[in-house]
Every structure is written in C-alpha cells, then in structure tokens.
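The values are calculated or read from the model by the stated rules, or taken from the named source; none is laboratory data. In this text the structure is predicted, and so the values were computed from the model without any measurement. Cβ atoms come from the backbone with ideal geometry, glycine included; neighbour counts cover every protein chain shown.
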C-alpha cells in the first residue's frame, strides 16, 4: 500500500535541507551588505498565498514583510528556482509513491473587470434607442 504524503503548508526541516541548496545556488551569500530575508519564512509565505489565494498584502505577519515575500517570489519565478523546487518535490514524492499520476486536475478562477474593463472592449449598440426621453421643460408652453 502506498504511503500517504501530507499536504504541504509549511516547509519542515527534512524538506528544507533539500530545498536550501537550490536557493543558495541561485543567490549565493555576499560578504558585505545586508543579509537576505529568511528564505524559509518567505517560501512558507509563498506556499500560504498559493494555497489560500489571499492577496500578497494580506499575508500573516509570521511570514515577514509581504513585499519582501512577493519580491522573492518574483525573483525565484523569473530565475526558474520554483521549477527546480517543484521538480525536487515531484522526485521526492515519487520515491515515497505519494502521487497517483492517473488522475490530476487543475483549477482556475475568474475575477471581475474593475471599472468596466478597457474602453475598447465596451459593447456597442446593435440598434437605435427605442425609449423616448421624457420631456422636461423649465418654461411654460406659451413662452416657448
């Protein structure tokens, strides 16, 4: 029987030992300057945001500054780091036989267009107006 793998909400020590070298290879430590943010907290914040779908600025404070977490997400996404972490997780789960590859699903969501969307996307009228405008005169009929 296959061992079940728990859903990842936060990176545990065993998994962090596998992921940390990927992050260090992407962003090696420097001798001078400010040290980078805690990558483990940032990665946990990214996982939280992806799992819950919350806005970046609504991340709980336990993950650190929301703009820092988002900035590291953007760097890692552009640098291909997240793909390498994903490949590592797939390999790790395959060794545990925790993924049933026969059935997979994807989910998406749609949001409303704020302020009515772009002006070029407005729907044009297909015919003339049929309702008459109500007449509202400020002067009496005899004065017109």
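Structure data summary
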item	result
Check on residue 90, in contact (Cβ under 8 Å) with a residue 24 or more places away in the chain and either out of contact with any helix residue (DSSP H, G or I) (no Cβ under 8 Å at 6 or more places or on another chain) or closer than 24 Å to residue 14 by Cα (or both)	no
Condition check for residue 70: at pLDDT 95 or above and either part of a helix (DSSP H, G or I) or more than 19 Å from residue 17 (Cα to Cα) (or both)	yes
Residue 138 at pLDDT below 85, loosely packed, with under 10 Cβ neighbours inside 10 Å and in a helix (DSSP H, G or I)	no
Answer from 2, 17 - the residue that is closer than 29 Å to residue 94 by Cβ, modelled with pLDDT under 90 and more than 18 Å from the chain's Cα centre (by Cα)	2
Residue check, residue 79 in contact (Cβ under 8 Å) with a residue 40 or more places away in the chain and in contact with a helix residue (DSSP H, G or I) (Cβ under 7 Å, 6 or more places away or on another chain)	yes
